[in-house]
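Notes follow the structure.
The values are calculated or read from the model by the stated rules, or taken from the named source; none is laboratory data. None of the values given here were measured: they were computed from a predicted structure. Here the Cβ is made from the backbone with ideal geometry for all residues, glycine too, and neighbour counts use every protein chain on show.
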RNA sequence: GGCGGCGUGGCCGAGCGGUUAGGCAGGGGCCUGCAAAGCCCCGUACUCCGGUUCGAAUCCGGACGCCGCCUCCA
């Protein structure tokens, strides 16, 4: 079984499964009030890779990731654009799925929406109020953090040391500055749901508790998300589950930030790039490769230079696919290793990659091993050991496929005009008419083709 | 103020006591009509100062610098 860093215990430990062979994981999803950005891209890629790798190893993965479709930002945007909250949410949810589709992140097994779980949230909150774990104030209902003994466990701090912080706001009459809103009472014109404690809408931290426990059940295996959700969001989810008497996530995993020139990418700094924009102008696989080449807990620097670096590395992978005529893998379906990969070298490679990935999802080492194998496969082919080389190349393809990265050997559709020029060039070359051959090569290049000679003649691709 | 992380060759990015990761860029060679692709070879890096050790990028102490969380945030 894979070993993963557990943010709660601050150690790498085996992911223990509630039921053998089945993994239940919950990933905090987006609030849909804008285009997805690179940070969203990173967390979806990281957890998609984990999911794929577990699936590849034969586990059945129940992967739940929510859509937060009601919150203050959505309300504000709807007001600003004079449209409905639902309209905003639907629009950006569509953008979200478009981007996920392009970047090759598989759909979750379930993607619950907060607005579909309001009744369950209300019930939970009623229970808290009955036990005085939650208390109503003028503008909403608050959770009393002092009622959870180890509140602050995820933050790695006790409540009183958190309290020493300079940034706590004391604006409300809360019992403690860390008490958080379970429910926000509706102001005129705001969307609301009925509740015994007053019409309103749920606070953010409650939906994930209800949806994760509702869909995955008590004591589910793994809860994931961006590092910035660790505190207070995940802390507050956990507090509610504990207060409600439900065993919660048994393992917590957090991915590192996307950095721009050394600073965290964030909306307030205005240094974010939308994922949608990136996917329009680059090969979507480049970002996956960039993410794979660093460890999921490390910050990654995203810039035009690092993206371009990944795109060039991708070319080398694709040329392997061309040379060995590899099938394109890693679409919507998941690769599964039902039997050992054929070939001695392939077996060794798979073993190394498995060792690396099972050790806290060390994708950079796995990718390094795959690149080494790539050189080896090409070298074997150059030496004429074609069968060995072929098996190794296919293993590389399979393993990249397991990580969701497709190797693409096809260079695009060739139109009639280009095909005709290719024929003429081959004739010129056969006649050793080099000047004409070069002229025809230039015209192919002008049409946007990359031109290569091979034993079977001129090969072109985009 | 509390808690946590990081400083690696031109760039990105692993490493967690001894083995010059890997990628991109650059240089040289093989192959090629010339190219391209591919293969081979080359760059000996680890913020600084002490210490531990036969041996430290890796452990300990200190300094400096940077970043994150403690507020909405993936």
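Provide a single number: the residues in the stretch A:15-42 that are in a helix (DSSP H, G or I) and touching a helix residue (DSSP H, G or I) at 6+ places or on another chain (Cβ under 7 Å). Before the answer, list the steps.
First, the residues of the stretch A:15-42 that are in a helix (DSSP H, G or I): A:38-42.
Restricting the remaining residues to those that are touching a helix residue (DSSP H, G or I) at 6+ places or on another chain (Cβ under 7 Å) gives A:38, A:40-42.
Residues that pass the stated criteria total 4.
Hey, can you tell me all the residues within the stretch A:380-404 that are in contact (Cβ under 8 Å) with a residue 60 or more places away in the chain and buried (at least 24 other Cβ atoms within 10 Å of the Cβ)? Lay out the reasoning, then the answer.
Within the stretch A:380-404, the first condition is being in contact (Cβ under 8 Å) with a residue 60 or more places away in the chain, and the residues that meet it are A:389-390, A:393-394, A:396-398, A:400-404.
Matches in the stretch A:380-404: A:393, A:396, A:397, A:400, A:402, A:403, A:404.
I'd like to verify a number: residues in the stretch A:234-262 that are over 15 Å from residue A:42 (Cβ atoms) and assigned to a strand (DSSP E or B), how many?
Qualifying residue count, the stretch A:234-262: 1.
Report, by residue number, each residue of the stretch A:327-359 that is outside any helix (DSSP H, G or I) and surrounded by 17 or more Cβ atoms within 10 Å (Cβ to Cβ).
Our first condition is that a residue be outside any helix (DSSP H, G or I); within the stretch A:327-359, this holds for A:327-343, A:359.
The answer is A:329, A:330, A:334, A:335, A:341, A:343.
Before we move on, is residue A:15 away from RNA strand B (no atom under 16 Å from the Cβ), closer than 20 Å to residue A:295 by Cβ and assigned by TED's automatic domain parsing to the domain that holds residue A:220? Can you show your working first?
Values: away from RNA strand B (no atom under 16 Å from the Cβ): yes; closer than 20 Å to residue A:295 by Cβ: yes; assigned by TED's automatic domain parsing to the domain that holds residue A:220: yes.
Yes, satisfied.
Please find, within the stretch A:312-326, the residue that is surrounded by the most Cβ atoms within 10 Å (Cβ to Cβ) out of those that are within 27 Å of the chain's Cα centre (by Cα) and within 13 Å of residue A:396 (Cβ to Cβ). Can you show your working first?
Of the residues in the stretch A:312-326, the ones within 27 Å of the chain's Cα centre (by Cα) are A:312-321, A:326.
From the residues that got through so far, the ones that are within 13 Å of residue A:396 (Cβ to Cβ) too are A:316-321, A:326.
On the way: A:316: 12, A:317: 22, A:318: 20, A:319: 16, A:320: 26, A:321: 21, A:326: 23.
The qualifying residue surrounded by the most Cβ atoms within 10 Å (Cβ to Cβ) is A:320.
Given A:297, A:323, which one is touching a strand residue (DSSP E or B) at 6+ places or on another chain (Cβ under 7 Å), in the same structural domain as residue A:373 (by TED's automatic domain parsing) and within 10 Å of RNA strand B (Cβ to nearest atom)?
Numbers: A:323 fails: touching a strand residue (DSSP E or B) at 6+ places or on another chain (Cβ under 7 Å).
Unique residue meeting the criteria: A:297.
Can you pull out every residue in the stretch A:360-379 that is closer than 17 Å to residue A:47 by Cα and surrounded by fewer than 19 Cβ atoms within 10 Å (Cβ to Cβ)? Step through it out loud before you land on a result.
Here is the first cut: in the stretch A:360-379, the ones closer than 17 Å to residue A:47 by Cα are A:360-364, A:366-367.
Of everything in the stretch A:360-379, those that are closer than 17 Å to residue A:47 by Cα and surrounded by fewer than 19 Cβ atoms within 10 Å (Cβ to Cβ) turn out to be A:360, A:362, A:364.
Which one of these does residue A:151 not meet: (1) within 16 Å of RNA strand B (Cβ to nearest atom); (2) crowded, with 20+ Cβ neighbours inside 10 Å; (3) assigned to a helix (DSSP H, G or I)?
So the condition that residue A:151 fails would be (3).
Within the stretch A:382-391, is even one residue more than 11 Å from RNA strand B (Cβ to nearest atom) and under 14 Å from residue A:319 (Cα atoms)? Even if it seems obvious, please write down each step before you answer.
So the first thing to find is which residues in the stretch A:382-391 are more than 11 Å from RNA strand B (Cβ to nearest atom), and the list is A:384-388, A:390-391.
Those left that are additionally under 14 Å from residue A:319 (Cα atoms): A:390.
Yes, that holds for at least one residue.
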